[in-house]
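The values are calculated or read from the model by the stated rules, or taken from the named source; none is laboratory data. These figures come from a predicted structure and were not determined experimentally. Virtual Cβ from ideal backbone geometry, glycine too; neighbours counted across all protein chains shown. Note: areas computed on protein heavy atoms with side chains; ligands, DNA, RNA excluded. Shrake-Rupley method; radii C 1.70, N 1.55, O 1.52, S 1.80 Å.
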Amino acid sequence: MPLDVAPVFRSYETQRTLNPPGIPALAPPPEGETEDLQRIAGRFGDDILAAGLHHGNQVVYARPGQLKALATFLRDDPQLQYETLIDVTSVDRSELPLDGEARFQTIYQFRSYSRNQHLTVVTDCLSGTEGNGTIPHVDSLTSIYRGAEWPEREVFDLMGIRFDGHPDPRRILMPKNWPNHPLQKQAPLGGEEVPFTFTWDDPEFETLGTQILAAESAAPDLPPGMSRQNMVINMGPHHPSTHGVLRLVVELDGERVVSIDPDLGFLHSGFEKTGENKRYKDFVYYTDRMDYLSSMSNNLGYCLTVESMLGLEIPERAQVIRVIMAELQRIASHLFWLATHVLDVSGTGMSLLMYATRERERILDLFEMACGARLTVSYIRIGGVWQDLPDAFVTELKDFLRLIPQKISEYEAMVTEAPLWQERLKGVGHVSAEDALAMGLTGPMLRGSGVDWDLRRDRPYSGYEGYTFEVPTRDSGDCYGRFTLRLEEMRQSVRILEQAVDNLPTGLYKSNNRKVALPPRAELDVSMEALIHHFKLMTEGFHVEPGFFYHGIESSKGELGFFIYSDGSAKPYRLHVHGPSFNNLYAIDHLSRGEMLSDVVTNIGSIDIVLGEVDR
Amino acid sequence: MGIEEKVPEGILTTSLDSVINWGRANSTWPLLFGLACCAMEMIATGTARHDIARYGSELFRASPRQADLMIVSGRVSNKMAPVIKRIYDQMLAPKWVIAMGICASAGGPFNNYAIIQGVDKIIPVDVYVPGCPPRPESLLYAMDMLRAKQRRETIGAGRKVEEPLAVEEITPLGV
Ligand code: SF4
């Protein structure tokens, strides 16, 4: 039976804020100068509308016509060398006081690894016509940075901006017959009314069950570029080795892969739209559910972004606790990756799954001690952490740190030297450093190809500059290299943990700024002021100065970035998540071409994806 | 479906019932199928510490044809809904469904355009497990409830007991 009920959207919208602080505002113009900005301004002159620093990031506003020229210059100029386009996103400013300015803007994050520079480029979208409506459009950067392909498709899908010259302008996340572009401001949040009464005659019940659209899950037409001369098979969305609900359309010549077209969005949960309807502090709980294997890192990335926009100082102890949690999470995530990778490749290798999850359970126990939850922790909050570590935590952690190195070596001994394992991994899924940079890969996918870059060391946050650790790299660029690399990363995490636990300072575990961080529970019983702050934070939240900011952290899978555009209210005006899995998964076609079908499974495991983060 | 529906109720069918139900309740094979965060806890339930093998359910089957139980472990998006329906239809009767977590039960934190507010909008659900995500222990308790339910099924048609389960019927494993 086809499910063809038209979507019914909730008629009411949540108020943006209980107490609007004046009018929403556009981002202020950037100020200041740097070498790079001078060089760009010198080359482009009047085509650069504004350039400067904003929240410490270099920002350039460029005319839309000059976007491609600017990107080429950024990449090729020997003094700039921005090798990678990290992220593409967009903002619909229709609810802001525009004064005739363009409604849509696209925002690009460029990164120079060799020079350790980050640059944000903002450009207005032109408006064109299609049928009898106007549509925003802008030049595509795919011809300059290959990795722009998926992010641009995502922007088109969710925001409706067309990219001129894009090789494959299809929707990427939503079903192809979806009626709107959900992130546009006039598109409703959707959902159903929650019925609060108990009579079935109530009109509230009318919306129940109407959230279903005739979503054509299996697109019947062939993806562009594939030929029926070859065999085209379908992997997923229900497949044991796709690590979730990923669908791959694989074109095969015999058993060799000719090309792969991933079909995403089976777990699209509308995180970004939801974020725009939540207060800043309430979105922390959602970040857990994105990359659910590294909830702590997700919490951390989001909180750091908001804190940087607020200019909030985090107490020393909170910083160290955050580092402990983030590194434990990295180990947990890598252990799970190891377990599933071995399971995928060997088909029946259940033993490593059992062993690795045994140690992972210990880490989850530690999390549980700290915050009561195993998986969706929400432990790291804006301003610090939720509550202080219990006394037994440090002892338990030390215990764990004594145990884990030996376990890692044990797992290594189980597979690393095994001839079958090497056969399946060595030389498989090769990606060169140039390709990795062009495709915008991050994390182990980048380091596995020999690019020596780790945000913890090169753009430190949370006090990572105070720890000694190595950033392992591998030159082979294949699955085997990435495998040994991740094992080594676990050892380095243990090193960081040992230093952190030895130097855990005493003091506050969250900021004393009552305008942002909740007062401790005990204070509420004795202090009226604390009660007022608590009430104010819980009902209204806090306001963030107008502006925008991108901040990335090194999560277990790569660079996890958050982009927030604030209009001065208590909710983000636009919230975008740069998930490392999303960009890394883009490489699957490149990695698998010319290899066997069974290697596709190896490659998926080696990229280490979490679908919650890919689809968001 | 077959001859058993024509047979009148009697000693033969009730004894047969208890044998068959004993078998079904002790070897319910789940479908190897994870959706979101809850799937991680489902996997944790399958591993050594929580050991779902005590229920005879450690054999997660990738093919819906070989599975008896679908654990809907996570949020169901509009794009995924038809797929889940198709997979459910492909499973052979008798089949059961556990809606694991608040997302699968009622949409959870995602009351928005993308997520269906409860998998029971598209397939029938036997046991709902609250939690976000439910702990492995919760899932095991859901298995207990399912076993209680399975134990009172009969092979004959139209003789299903419709009263809700009493708490005493849900015996923890081994009791
Ligand atoms: S119930 Fe919670 S843990 Fe489970 S899928 Fe939903 S958000 Fe994730």
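Numbers for the structure displayed
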quantity: Of all residues in region A:596-616 being crowded, with 24+ Cβ neighbours inside 10 Å and among the hydroxyl-bearing types (Ser, Thr, Tyr), the one that is farthest from the other protein chains (Cβ to nearest Cβ); calculated: A:606
quantity: Residue match in region A:471-481 (condition: farther than 24 Å from residue A:307 by Cα, within 24 Å of the chain's Cα centre (by Cα) and touching a residue at least 60 places away in the same chain (Cβ under 8 Å)); calculated: yes
quantity: Residue in region A:581-595 that is in contact (Cβ under 8 Å) with a residue 24 or more places away in the chain, open to solvent by less than 10 Å² (accessible area, probe 1.4 Å) and within 14 Å of chain B (Cβ to nearest Cβ) present; calculated: yes
quantity: Residue check, residue A:367 within 26 Å of the chain's Cα centre (by Cα) and open to solvent by less than 50 Å² (accessible area, probe 1.4 Å); calculated: yes
quantity: Filtered residue count, region B:104-135, keeping only those that are in contact with a Phe, Trp or Tyr (Cβ under 7 Å, 6 or more places away or on another chain), open to solvent by 30 Å² or more (accessible area, probe 1.4 Å) and more than 8 Å from chain A (Cβ to nearest Cβ); calculated: 1
quantity: Some residue of region A:278-298 being closer than 28 Å to residue B:43 by Cα, at the interface with chain B (Cβ under 10 Å from one of its Cβ atoms) and among the β-branched types (Val, Ile, Thr); calculated: no
quantity: Residues of region B:82-103 satisfying the condition of being within 13 Å of the ligand (Cβ to nearest atom) and either farther than 29 Å from residue B:24 by Cβ or within 12 Å of chain A (Cβ to nearest Cβ) (or both); calculated: B:101, B:102, B:103
quantity: Among residues of region A:445-471, those that are open to solvent by less than 40 Å² (accessible area, probe 1.4 Å) and within 21 Å of residue A:117 (Cα to Cα), counted; calculated: 16
quantity: Filtered residues of region B:60-81 (kept if facing chain A (nearest Cβ under 7 Å) and either within 11 Å of the ligand (Cβ to nearest atom) or without any contact (Cβ under 8 Å) to a residue 40 or more places away in the chain (or both)); calculated: B:62, B:75, B:77, B:78, B:79
quantity: Odd one out for residue B:113 among (1) within 14 Å of the ligand (Cβ to nearest atom); (2) free of Cβ contacts under 8 Å to residues at least 40 places away in the same chain; (3) within 25 Å of residue A:175 (Cα to Cα); (4) not in a helix (DSSP H, G or I); calculated: (1)
quantity: Scan of region A:128-183 for residues that are touching a strand residue (DSSP E or B) at 6+ places or on another chain (Cβ under 8 Å), surrounded by fewer than 19 Cβ atoms within 10 Å (Cβ to Cβ) and not in a strand (DSSP E or B), ordered by number; calculated: A:165, A:169
quantity: Conditions (1) within 29 Å of residue A:515 (Cα to Cα); (2) at pLDDT 90 or above; number of the one not met by residue A:569; calculated: (2)
quantity: Failed criterion for residue A:360 (all others in (1) crowded, with 21+ Cβ neighbours inside 10 Å; (2) more than 13 Å from chain B (Cβ to nearest Cβ) hold); calculated: (2)
quantity: Contacts under 6 angstrom Cβ, first residue in region A:406-420 being touching a residue at least 60 places away in the same chain (Cβ under 8 Å), partner part of a helix (DSSP H, G or I), 6 or more apart; calculated: A:408/A:490; A:412/A:487; A:415/A:421
quantity: Residue within region A:516-539 that is polar (S, T, N, Q), closer than 26 Å to residue A:463 by Cβ and open to solvent by 30 Å² or more (accessible area, probe 1.4 Å) present; calculated: no
quantity: Any hit, region A:571-578, residues being closer than 24 Å to residue A:473 by Cα and within 11 Å of the chain's Cα centre (by Cα); calculated: yes
quantity: Residue, nearest to residue A:418 (Cα to Cα), within region A:495-514, restricted to residues that are open to solvent by 10 Å² or more (accessible area, probe 1.4 Å), assigned to a helix (DSSP H, G or I) and not charged (D, E, K, R); calculated: A:499
quantity: Selection from region A:225-246 of residues that are touching a strand residue (DSSP E or B) at 6+ places or on another chain (Cβ under 6 Å), open to solvent by less than 20 Å² (accessible area, probe 1.4 Å) and more than 19 Å from residue B:37 (Cβ to Cβ); calculated: A:235
quantity: Some residue of region B:136-157 being in a loop (DSSP other than H, G, I, E, B), over 20 Å from residue B:22 (Cα atoms) and either within 14 Å of chain A (Cβ to nearest Cβ) or more than 16 Å from the ligand (Cβ to nearest atom) (or both); calculated: no
quantity: Qualifying positions in region A:359-393 - of a type in the set (D, E, K, R), in contact (Cβ under 8 Å) with a residue 40 or more places away in the chain and either in a loop (DSSP other than H, G, I, E, B) or within 15 Å of the ligand (Cβ to nearest atom) (or both); calculated: A:388
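Conditions tested, residue by residue: (1) within 11 Å of another protein chain (Cβ to nearest Cβ); (2) more than 16 Å from the ligand (Cβ to nearest atom); (3) among the β-branched types (Val, Ile, Thr); (4) in contact (Cβ under 8 Å) with a residue 40 or more places away in the chain.
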{"position": "A:228", "(1), (2), (3), (4)": "no, yes, no, no"}
{"position": "A:231", "(1), (2), (3), (4)": "no, yes, no, no"}
{"position": "A:252", "(1), (2), (3), (4)": "no, yes, no, yes"}
{"position": "A:258", "(1), (2), (3), (4)": "no, yes, yes, yes"}
{"position": "A:267", "(1), (2), (3), (4)": "yes, no, no, yes"}
{"position": "A:301", "(1), (2), (3), (4)": "no, yes, no, yes"}
{"position": "A:309", "(1), (2), (3), (4)": "no, yes, no, yes"}
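Condition check ((1) open to solvent by less than 20 Å² (accessible area, probe 1.4 Å); (2) within 23 Å of residue A:146 (Cβ to Cβ); (3) not β-branched (Val, Ile, Thr)) across all residues:
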residue: A:41; (1), (2), (3): no, no, yes
residue: A:44; (1), (2), (3): yes, no, yes
residue: A:51; (1), (2), (3): no, no, yes
residue: A:58; (1), (2), (3): yes, no, yes
residue: A:62; (1), (2), (3): yes, yes, yes
residue: A:67; (1), (2), (3): yes, yes, yes
residue: A:71; (1), (2), (3): yes, yes, yes
residue: A:75; (1), (2), (3): no, yes, yes
residue: A:78; (1), (2), (3): no, yes, yes
